[in-house]
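K.L.:
What follows is a single structure, and I will ask about it in a moment.
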Amino acid sequence: REAMWLLCVAAAVLAWGFLWVWDSSERMKSREQGGRLGAESRTLLVIAHPDDEAMFFAPTVLGLARLRHWVYLLCFSAGNYYNQGETRKKELLQSCDVLGIPLSSVMIIDNRDFPDDPGVQWDTEHVARVLLQHIEVNGINLVVTFDAGGVSGHSNHIALYAAVRALHSEGKLPKGCSVLMLQSVNVLRKYISLLDLPLSLLHTQDVLFVLNSKEVAQAKKAMSCHRSQLLWFRRLYIIFSRYMRINSLSFL
């Protein structure tokens, strides 16, 4: 009897989660259309390392594609922590191709000023200068990056947030350019995949993107391009992480 009761509870939880998934498309449409995201915007995704775009931002990239945004990508390092920089740059371009980001719109910075190293603090003013130049040259009106938690707490992720926040607070962003930040969540929520959807619907402040089954396969294919990074724990991440399926974002 006890085993049957546990089975019923598990089935109820799963059913609840998938009902939310089934109903989410209409909810997302109203959120997106009623928010501050316009169609056909020029959006800049700002990341720290190759694989950030797939590991954390795939739902956003694919969601913006639904809204016909032209997506640019600026990566501040080649991911050379283990001397794999050249390989990782190629993997990033392959992943962007899968996600629908034109390769002509991808910029990878590879210099000593922004090393792939959680122990090195990137200079906020320097990051901000490079970022602002890229925004102005490409006529960007929406910047997407990490929030203050950096999703994983990586100092390079947080450095990007600090730079964007500085540009915003100092009024240096071009008129009409908005900033959208990927919300960090606690460890439990991070690894319960679609079961986090009800909480995401409740706690998302501005924008919520949820992938359908076809898009999830696309996101996984993009992540699989990063072969040099597919250690066993990242394979588990692909299976269980909400960030491969759900992105909650807030405006700065």
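The values are calculated or read from the model by the stated rules, or taken from the named source; none is laboratory data. Keep in mind it's a predicted model, so treat the numbers as computed, not measured. In this analysis, Cβ positions are derived from the backbone assuming ideal geometry, glycine residues included, and neighbour counts consider all displayed protein chains. Note: accessible area is taken over every heavy atom of the protein model, side chains too, but ligands, DNA and RNA are not part of it. Shrake-Rupley method; radii C 1.70, N 1.55, O 1.52, S 1.80 Å.
K.L.:
At a probe size of 1.4 Å, how large is the accessible area of Asp123, to the nearest 10 Å²?
P.N.:
Asp123 has an accessible surface of roughly 80 Å² with all protein chains in place.
K.L.:
Write out the trypsin sites (Lys or Arg not before Pro) in region 48-150 meeting two conditions: DSSP loop, and at most 13 other Cβ atoms within 10 Å of their Cβ.
P.N.:
Passing both the DSSP loop test and the Cβ count: Arg68, Arg112.
K.L.:
Also: Which pairs, out of Lys190/Lys220; Lys90/Lys220; Lys89/Lys190; Lys89/Lys175; Lys90/Lys175; Lys90/Lys214, put more than 23 Å between their alpha-carbon atoms?
P.N.:
Numbers: Lys190/Lys220 17 Å; Lys90/Lys220 17 Å; Lys89/Lys190 27 Å; Lys89/Lys175 32 Å; Lys90/Lys175 34 Å; Lys90/Lys214 25 Å.
Distance filter (> 23 Å) returns Lys89/Lys190; Lys89/Lys175; Lys90/Lys175; Lys90/Lys214.
K.L.:
Ordering Met244, Met181 by accessible area with a probe of 1.4 Å, largest first, what comes out? The partial results should precede the final answer.
P.N.:
Values: Met244 0, Met181 25 Å².
These residues rank, largest area first, as Met181, Met244.
K.L.:
Let me ask something additional. Which whole-number value in Å² is the accessible area per residue of region 55-106, probe 1.4 Å?
P.N.:
On the way: 2090 Å² over 52 residues.
Spelled out: the 1.4 Å probe surface of region 55-106, per residue, equals 40 Å².
K.L.:
Restricting attention to the alpha-carbon atoms of region 39-251, what are Rg (one decimal) and Dmax (integer), both in Å?
P.N.:
Using the Cα atoms of region 39-251, the pair Rg, Dmax is 15.8, 45 Å.
K.L.:
Leaving ligands, DNA and RNA out of it, work out the accessible area of Thr204 with a 1.4 Å probe and give it in Å² to the nearest 10.
P.N.:
Spelled out: Thr204, probe radius 1.4 Å, area about 10 Å².
K.L.:
A further question on this structure: Rank by packing, highest mean first: peptides 75-82, 223-230, with packing defined as the count of other Cβ atoms within 10 Å averaged across residues. Provide the component values of the computation, followed by the final result.
P.N.:
Numbers: 75-82: 21.1, 223-230: 18.4.
The peptides rank, most packed first, as 75-82, 223-230.
K.L.:
Dipole of region 78-235 (Lys/Arg Cβ +1, Asp/Glu Cβ -1, origin at the Cα centre): which of Asn111, Gln218, Leu199 lies farthest to the positive side?
P.N.:
Gln218
K.L.:
Enter the accessible area per residue of region 108-150 (Å², integer; probe 1.4 Å; all protein chains in place). All intermediate terms of the calculation are to be shown ahead of the outcome.
P.N.:
Numbers: 2150 Å² over 43 residues.
The answer is 50 Å² per residue.
K.L.:
Give me the percent of the accessible area of region 39-251 that comes from carbon and sulfur atoms, probe 1.4 Å, all protein chains in place. Write down the numbers at each step before the final one.
P.N.:
Values: 4880 of 9230 Å².
It is 53 percent, rounded to a whole number.
K.L.:
For Met107 and Lys221, calculate 0.36 nm times their separation in residues minus their Cα-Cα distance, and state this gained length in nm to one decimal.
P.N.:
On the way: separation 114, 0.36 × 114 = 41.04 nm, distance 2.12 nm.
38.9 nm is the gain from fully extending Met107 to Lys221.
K.L.:
Continuing with this model, one more query. Full extension from Asn186 to Arg129: what is 0.36 nm times the residue separation minus their Cα-Cα distance, to one decimal in nm?
P.N.:
On the way: separation 57, 0.36 × 57 = 20.52 nm, distance 3.16 nm.
Between Asn186 and Arg129, full extension yields an extra 17.4 nm.
K.L.:
Out of the chymotrypsin sites (Phe, Trp or Tyr not before Pro) in region 213-252, which ones are loop residues according to DSSP with at most 13 other C-beta atoms within 10 Å?
P.N.:
On the way: sites: Trp232, Phe233, Tyr237, Phe240, Tyr243, Phe251; in loops: none.
Hits after loop and neighbour filter: nothing returned.
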